[in-house]
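Heads up, the thing below is written out as structure tokens.
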Amino acid sequence: MSLHEQNKKDQLAILSFQFNFLRSNALNDACFFAKTLTQSDANNGGGFSVPRYCAVTIFPRLNYSVEPPVQTIIAKDVHGQCWKFRHIYRGTPRRHLLTTGWSNFVNHKKLVAGDSIVFLRA
């Protein structure tokens, strides 16, 4: 597989981040989750299906007393850029989703099915 020039920069930033993170011994105190993007996750108009483990352990707690349970999540990428996502618990069967903001993130990062994303809470 060949990498586009932008992807090479992203790859170097990720490796640098991982090295500095591991070197700081913060891994012992961190919760993280990685997911390989599905076609649905990488779809331009869709959202991101958040695994329950990630929603419960990584994301801030949802208020399930409101219908639907929803919150705004602000995440920082390895370049330090902040991204705003809408996290909602909905559907049949009910599941956790990132909706508003996700398509913008996918388009900006040029993500495709098979790419991976890591959520980290330190």
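Observations
- Residues located in region 88-122, provided they are in contact (Cβ under 8 Å) with a residue 40 or more places away in the chain, under 21 Å from ARG52 (Cβ atoms) and either in contact with a Cys (Cβ under 7 Å, 6 or more places away or on another chain) or among the β-branched types (Val, Ile, Thr) (or both): THR99, ILE117, VAL118, PHE119, ARG121
- Taken as a whole, the structure places PRO51 among residues that are surrounded by 12 or more Cβ atoms within 10 Å (Cβ to Cβ) and in contact (Cβ under 8 Å) with a residue 40 or more places away in the chain.
- The residue of region 29-70 that is farthest from GLY114 (Cα to Cα), among those that are of a type in the set (Gly, Ala, Ser) and part of a strand (DSSP E or B), is SER49.
Each row is one residue, and each column tells you yes or no for (1) among the acidic types (Asp, Glu); (2) at pLDDT 90 or above; (3) surrounded by 15 or more Cβ atoms within 10 Å (Cβ to Cβ).
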| site | (1), (2), (3) |
| --- | --- |
| PHE32 | no, no, no |
| ASN43 | no, no, yes |
| LYS76 | no, yes, no |
| ASP115 | yes, yes, yes |
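- Every residue from region 82-98 that is part of a strand (DSSP E or B) and not hydrophobic (A, V, I, L, M, F, W, C): LYS84, ARG86, HIS87, TYR89, ARG90, ARG95, HIS96
The values are calculated or read from the model by the stated rules, or taken from the named source; none is laboratory data. None of the values given here were measured: they were computed from a predicted structure. As a convention, Cβ positions derive from the backbone with ideal geometry for all residues, glycine included, and neighbour counts pool all protein chains shown.
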